[in-house]
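Written below as structure tokens is the structure these notes are about.
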Amino acid sequence: MFDFEKLDLYQELKKLNFVVFKKVRAMTDLDSYIVEQWKRASLNSVLNLAEGTGRMTPEDKKHFYTIARGNVFECAALLEVIFALGALSKEDYEALYDGYEKASKMLLGMYRSQ
């Protein structure tokens with residue numbers, strides 16, 4: 001098992017990714033650019049966490065945790081746009097928003113621990 005797989009944060013981001021990728025399949029009326037940006041930012045949050053966990057120096061780790069947190073922020077901003085466009089229910093919006101907020105705080109904690 002890889003180190004990143006042991007992290008609660010990885011499990012949270014992975015769960016969010018599954019929800020995002022499932023939701024976007026049904027968003028046929030939404031602009032494809034918005035959908036692709038959300039998918040990209042969502043996936044990159046997990047990938048940058050994994051890459052950062054594999055880095056050897058605290059500076060390298062912090063760099064990738066910062067990028068992953070930026071990806072999470074991007075997802076939260078896109079989430080607001082998607083909700084405003086009526087492509088998500090309030091319940092889905094709130095659940096995803098809460099997940100992004102939790103992930104952001106966890107990433108900040110990882111950054112500060114380095």
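Laboratory data are not the source of any read-out in this text; all were calculated from the coordinates shown. Note that this is a predicted model, so its numbers are computed, not measured.
Below are the figures for this structure:
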| item | result |
| --- | --- |
| Relative contact order (%) - criterion: Cα under 8 Å, at least six apart; region: segment 41-114 | 36 |
| Helix-derived mean residue ellipticity, 222 nm - over the chain, DSSP H n ≥ 4, -39500 (n - 2.57), to 500 | -28500 deg cm²/dmol |
| Spatially proximal aspartates and glutamates relative to residue 105 (Cα-Cα < 17 Å; intrachain offsets below 8 disregarded) | 8, 12, 74, 94 |
| Spread of Cα-to-Cα distances over 5 Å intervals beginning at zero, given as percent, for segment 1-103 | 2, 13, 24, 24, 16, 10, 6, 3, 1 |
| Counting all C-alpha pairs of segment 43-114, share separated by more than 16 Å (%) | 48 |
